[in-house]
Amino acid sequence: QTSFTWGTNENEMKTPASIYPNPSTGLVTITGENLRQAEVVNMLGQQVLSVQGEGNELQIDMAALPAGVYFVTITDDEGRKCVRKVAKR
């Protein structure tokens, strides 16, 4: 017997954040509501960058990172998180 659970994660942001430009060659802007932190993780699961701030916009300078695909975990002021994928050229 197989069962499924449908619903939403309480720690998921109500309003998702956006990342641009994507792909990027360096500076990436994250927009959303009440942002607090963004952590960049490589494909091996290693954290390579982290920024903190307050407001509706955060910026991450990815210029020093090698080209590839990264995951950005964005946290708002209530601890809710969302994950976005960004490509670095």
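The values are calculated or read from the model by the stated rules, or taken from the named source; none is laboratory data. This one's a predicted model, so the numbers in the text were calculated from it and none came from an experiment. In this analysis, Cβ positions are derived from the backbone assuming ideal geometry, glycine residues included, and neighbour counts consider all displayed protein chains. What goes into the accessible areas is simple: the full protein's heavy atoms, side chains included, and nothing from ligands, DNA or RNA. Shrake-Rupley method; radii C 1.70, N 1.55, O 1.52, S 1.80 Å.
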Can you tell me how many residues in region 49-68 are of a type in the set (A, V, I, L, M) and closer than 12 Å to residue 24 by Cβ?
5
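So that you can scan it fast, the table gives a plain yes or no per residue for (1) open to solvent by less than 60 Å² (accessible area, probe 1.4 Å); (2) farther than 13 Å from residue 74 by Cα; (3) touching a strand residue (DSSP E or B) at 6+ places or on another chain (Cβ under 7 Å); (4) at pLDDT 95 or above:
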position	(1), (2), (3), (4)
1	no, yes, no, no
13	yes, no, yes, no
20	no, yes, yes, yes
23	yes, yes, yes, yes
38	yes, no, yes, yes
45	yes, yes, no, yes
If you scan region 39-68, which residues turn out to be of a type in the set (Val, Ile, Thr) and within 12 Å of the chain's Cα centre (by Cα)?
40, 41, 51, 60
